[in-house]
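Heads up: the structure comes next, in C-alpha cells.
None of the figures in this text is laboratory data; all of them are computed from the coordinates on show. Here the structure is a predicted model, which is why all the values come from computation and not from measurement. For neighbour counting, all protein chains shown are included, and Cβ atoms are generated from backbone atoms with ideal geometry for every residue, glycine included.
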Amino acid sequence: MVSIQAFAKINLYLALLRKRSDGYHELCSIMQSISLADRITIKKTKKPGITLKTNLKITAKPEDNLVYKAASLILKKFKKENQGIEISILKKIPIAAGLAGGSADCAAVLFGLNKLLGLKLSKKALERYANLFGSDISFCLNGGTMLAQGRGEKLTPVPAVGRWFGLIIKPPFPISTAQVYKSVKIILPKPQSRQIITAYKTKKINLNNLNKNIGNDLYPIALQIKPNLKKYLEKIEKTNPLAVQMSGSGPSIFAFYQNKMLRNTALKQLEGLEKFPIETVKTGLKLI
Ligand code: C5P
C-alpha cells in the first residue's frame, strides 16, 4: 500500500503568449505548490480491475475520471491488467477551482503505481505519461516553485520562494478551464513578463514586492464568464493582504500576508466563505 499527499498549485504569474495550431495556448507561468492537499491511498486487491473510492459524490462514471484513465493506461502498458487496484482519494482540494486538484491526484496515482508495482519508471518517463492527461500534471509530479512554459508542461525550476502564509477563497461556482481558454479573444504582447520571470529566477521575489510580480491573464476572461468573481476579490482586499490574485483559470483567489498571525486574522474576517489557510511548500507529492 502507498499513501501520498498531493499538493494543490497556484499560479503566482500567468501570461498568455499565443494560441497554437493545436488549440492550446502557449503560456509562461510561475507555478507554486501550496499546503492544501488531497490524500491518495493505493492498494493491491485480489479482484482484478480498478476500484475508485472518494469522500466526495462523483456523478461522472469512474472510467471518465483522470485518475482512473491514468491507472488503466499504466496497467495496460505494463501488462498488469490482472492486478486489482484500489485507489482511495480523500479530497480536500476543491474541484474545478483553478488549483490543479484533479491533476495533483493524477500525478499521485502515476507516482504511487510506479512505487506499488515496482515499475522503476524514471521521473522523465512519469512526466511523459503525465502529459498525456493534462498540462499541469507534470508540475504536480515535481512541485515547488517552477517556471512553466509550452502549454504548461515544460518546466524549469526557479529558486524556492520563502515560507509564505496565505489563504484561498473558493467562490461558490466552478469555472471550466476549457471555457476560459475558449473565450480568449486577443493576446496582447507582454513586455513586462521577461523582467518578472527574471526576478523569480534570480531570487528577487519576496513578500514585499510580490504584488508587483504577480498577474494572471486569465482573470479578465474568467471575470467576463462570472462577473461575481470581483466581489470575492474585493472581500479579500479588505483584509489588507500583501498580494492577491486569481489562480489558474479560476475561480479560486489566493492572498498572502506578512505573517501567520495576520493571515489568521484575515481568515476570521472572511466569514461565511469557503476558505482554506495555506502556506507555500517545496514539493508536489509526499509519501506518507
Ligand atoms: O491540459 P488540460 O486538460 O488541463 O486543459 C484543459 C483545457 O484548457 C484544454 O482542453 C485546452 O482547451 C485548454 N488549455 C489551453 N492552453 C493551455 C492549457 C489548457 O488552451 N496551455
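I need the calculated FRET efficiency for the pair Arg18 and Ala60, taking r as the beta carbon distance and R₀ as 30 Å, to the nearest 0.05. Don't skip to the end; give the middle numbers.
Details: r = 32 Å, r/R0 = 1.08.
The value I calculate is 0.40.
Tally Lys and Arg at +1 and Asp and Glu at -1 over the other residues with C-beta under 11 Å from the C-beta of Thr145: what net charge comes out? Intermediate results must be reported in sequence, preceding the final value.
On the way: positive: Lys9, Lys201, Lys203, Lys282; negative: none.
Net charge around Thr145: +4.
Take the chain, connect every pair of alpha-carbon atoms lying under 10 Å apart with a spring to form a Gaussian network, then pick out the residue of Lys120, Lys92, Lys43 with the largest mean-square fluctuation.
Comparing Lys120, Lys92, Lys43 in the GNM, the peak value goes to Lys120.
Could you tell me whether region 161-288 comes out rounded, prolate or oblate from its Cα gyration tensor? Rule is a ≥ b ≥ c as square roots of the eigenvalues, rounded for a/c under 1.5, then prolate if a/b exceeds b/c, otherwise oblate.
Oblate shape, in that a/c is at least 1.5 and b/c is the bigger or equal ratio.
Can you tell me which aspartates and glutamates have their Cα less than 18 Å from the Cα of Lys46? Leave out same-chain residues fewer than eight positions away.
The reachable aspartates and glutamates, counting only those whose Cα sits under 18 Å from Lys46, are Glu81, Glu86.
Report the full-extension gain for the segment Ser176 to Glu86: residue separation times 0.36 nm, less the Cα-Cα distance, to one decimal in nm. Don't skip to the end; give the middle numbers.
Details: separation 90, 0.36 × 90 = 32.40 nm, distance 2.84 nm.
Fully extending the segment from Ser176 to Glu86 adds 29.6 nm.
Figure the gain on full extension for Lys230 and Glu274 (residue separation times 0.36 nm, minus the Cα-Cα span) and round it to one decimal in nm.
Roughly 14.3 nm would be gained on extension.
Choose one of Ile89, Gly118, Leu16: the residue whose Cα lies farthest towards the positive end of the charge dipole of region 11-151 (beta-carbon charges +1 Lys, Arg; -1 Asp, Glu; about the Cα centre).
The listed residue farthest towards the positive side: Gly118.
Only Cα pairs under 8 Å and at least 6 apart count here; give the relative contact order of the chain as a rounded whole percent.
Details: 622 pairs, mean separation 78.0, N = 288.
27 percent.
Bins of 10 Å, beginning at zero and ending with the bin holding the largest distance: percent of Cα pairs per bin for the chain, please.
Whole-percent P(r) values from 0 Å outward: 6, 29, 35, 22, 7, 1.
For each of Met146, Met261, Met246, count neighbouring Cβ atoms within 10 Å of the residue's Cβ, then give the residues from fewest to most. Don't skip to the answer; put the middle values down first.
Details: Met146 24, Met261 10, Met246 27.
So the residues, fewest neighbours to most, are Met261, Met146, Met246.
Charges at C-beta only: +1 for Lys and Arg, -1 for Asp and Glu. How large is the resulting dipole of region 3-118 about its Cα centre, in Debye rounded to 20?
400 debye
Averaging sequence separations of C-alpha pairs under 8 Å and six or more residues apart, then dividing by the length of region 86-156, give the relative contact order as a whole percent.
Numbers: 60 pairs, mean separation 18.1, N = 71.
Relative contact order, region 86-156: 25 percent.
Which listed residue (Met261, Leu73, Pro174) has the Cα farthest towards the positive end of the charge dipole for the chain, taking +1 on Lys and Arg C-beta and -1 on Asp and Glu C-beta about the Cα centre?
Working it through, the farthest residue towards the positive pole turns out to be Leu73.
Using Cβ counts within 10 Å as a stand-in for footprinting exposure, how do Ile74, Ile85 rank, fewest first? Before the final figure, lay out the partial values.
Numbers: Ile74 21, Ile85 25.
Least to most surrounded, the residues fall as Ile74, Ile85.
Any idea what the dipole of the chain comes to, in debye rounded to 20, about its Cα centre with Lys/Arg Cβ at +1 and Asp/Glu Cβ at -1?
Working: 47 positive and 17 negative charges, 112 e Å.
I would put it at about 540 debye.
Which residues in region 1-34 place their backbone N less than 20 Å from a point set 7 Å from the Cα of Gln195 along the Cα-to-Cβ direction?
Taking a point 7 Å out along Cα→Cβ of Gln195, the residues of region 1-34 whose backbone N falls under 20 Å are 12-17, 28-30.
Hey, what number do you get for the chain at 222 nm if only DSSP H runs of n ≥ 4 count, each worth -39500 (n - 2.57), divided across all residues, to the nearest 500?
It lands at -8500 deg cm²/dmol.
What does the charge dipole of region 137-288 about its Cα centre add up to, to the nearest 20 debye, if the Cβ of each Lys and Arg holds +1 and the Cβ of each Asp and Glu holds -1? The partial results should precede the final answer.
Numbers: 23 positive and 7 negative charges, 51 e Å.
About 240 debye.
Give me the net charge for the shell around Thr280: Cβ to Cβ below 11 angstrom, other residues only, Lys and Arg +1, Asp and Glu -1.
Numbers: positive: Lys9, Arg163, Lys282; negative: Glu279.
Local charge sum for Thr280: +2.
Below 8 Å between Cα atoms, with a sequence gap of 6+, how large is the relative contact order for region 1-110 in percent? Present the calculation step by step, with values, prior to reporting the outcome.
Numbers: 203 pairs, mean separation 37.9, N = 110.
Computed over region 1-110, the figure is 34 percent.
Tell me the net charge near Ile93. Cut-off is 11 Å between Cβ atoms, Ile93 excluded, with +1 for each Lys or Arg and -1 for each Asp or Glu. Walk me through the numbers on the way to the answer.
Values: positive: Lys9, Arg39, Lys91, Lys92, Lys170; negative: Asp38, Asp105.
Net local charge, Ile93 excluded: +3.
If each of Ser3 and Ile288 carries a label point 7 Å out from its Cα toward its Cβ, how far apart are those two points in nm?
0.7 nm
Which aspartates and glutamates have a Cα less than 14 Å from the Cα of Lys182, not counting those fewer than 8 places away in the same chain?
Filter leaves Asp22, Glu26, Asp217.
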